[in-house]
Amino acid sequence: MSHRSIQVVAQVLRWASAIGLLVACFAPGNHAIRIAEAEAVTDCGRSQPACLEIAKITVTRINTLLQAKGFTMQLPTIDGLPFRYDIDPDSQKRIAVLGGSNSPVEIRIEVDTGQIVMLTNRLVYDVIYSEKQGAGTTRTVGPTWSQEKVVTFAHAYVEQLLGAFPDSLQLLAAEFMQEHSETSSEAGYWYISWSRTDSKGRLFSNDGVTLLFSEKYGPRMTRVMLSSRYVERDFTLIPKVLAIARAKYYASRLKSWGPAGLVIQQPTLTGESVADLGIVNPRWLTQPQNNGDQGEAGRVDARLAWVVVYKASYENSSIENKAVQTEGAIIVWIDAQTGRFLGGDFQ
């Protein structure tokens, strides 16, 4: 399916979502559920039972969808799961965590909004990567669902996960990822990704929704990040040519530090720069004290920036001091209003 076809499907699904939400709100049974969910959101930051209520309502919605679509595996009960409060490493917001690394399911809830920010069904992983399952089952050879069918299901799933599908999301990818593990009973899984956008359609670098999906067993993992603080306003943009000129200086500084754990020794910019507008979360990668954690300071606040990409080739040394030749890109962020350097990234 072409990029244009993906956009058309996404728009149709937005309309359907809006109509479905109106119908659901006025349905007698769902009205009471939504009232209970709203009350639970108010108390989740102070009360474990309130967080559990949000999770149970969400699990019920998702299992109803999975059953309607013919999946035999559904989300397990959350009763008795470990519970704790924590800080989300991406949004820096307080979350409630149900389950853990050894639990059949793990659910993370942003306590301020009651929004699910991560849901992992480890039962799907277990059955796919079980050697017993692989020994007695003929491995699938490739995807059987069409891309359009996958996108339609993924949209419905996110709608049930969040209660409504956000209008700000734009579909970026719906790809079948080949599985290389010999113990997997499946040839691969679907990777679906949406990016958050502003009113002009400009993409956020950090915010969006990601879904990993098994055709046979359903969703494996969902990650939601929609919490960056961003104030959209009109202002005069600095010229693209000026942003590119400033970015080249900072590209030299960025490549002198490199990704966490690597020290770049002989970097070379190998191609012309490409620049476009995007919404980024500043990371100060040129400061050596932040090299290890990729510059977490300021990550929650987002700014409109010129995103300048340089093709690069560099020889670096790993922690074991072994030389590794890397082909990739160095990305520099220049504030679109002030021209300030906001950080960057590596590919």
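The values are calculated or read from the model by the stated rules, or taken from the named source; none is laboratory data. Just so it is clear, the model here is predicted, and its values are computed rather than measured. As a convention, Cβ positions derive from the backbone with ideal geometry for all residues, glycine included, and neighbour counts pool all protein chains shown.
If you go through region 80-130 and keep only what is surrounded by fewer than 18 Cβ atoms within 10 Å (Cβ to Cβ), without any contact (Cβ under 8 Å) to a residue 60 or more places away in the chain and at positive phi, you end up with just 80. Inside region 180-189, residues that are surrounded by 18 or more Cβ atoms within 10 Å (Cβ to Cβ) and either modelled with pLDDT of 95 or more or among the acidic types (Asp, Glu) (or both) make up a count of 1. Considering only residues that are at pLDDT 90 or above and of a type in the set (Phe, Trp, Tyr), which ones fall in region 220-273? The answer is 230, 235. Taking the criterion of being closer than 30 Å to residue 143 by Cβ, free of Cβ contacts under 8 Å to residues at least 60 places away in the same chain and either surrounded by fewer than 14 Cβ atoms within 10 Å (Cβ to Cβ) or among the aliphatic types (A, V, I, L, M) (or both), the residues of region 195-250 that qualify are 201, 209, 211, 212.
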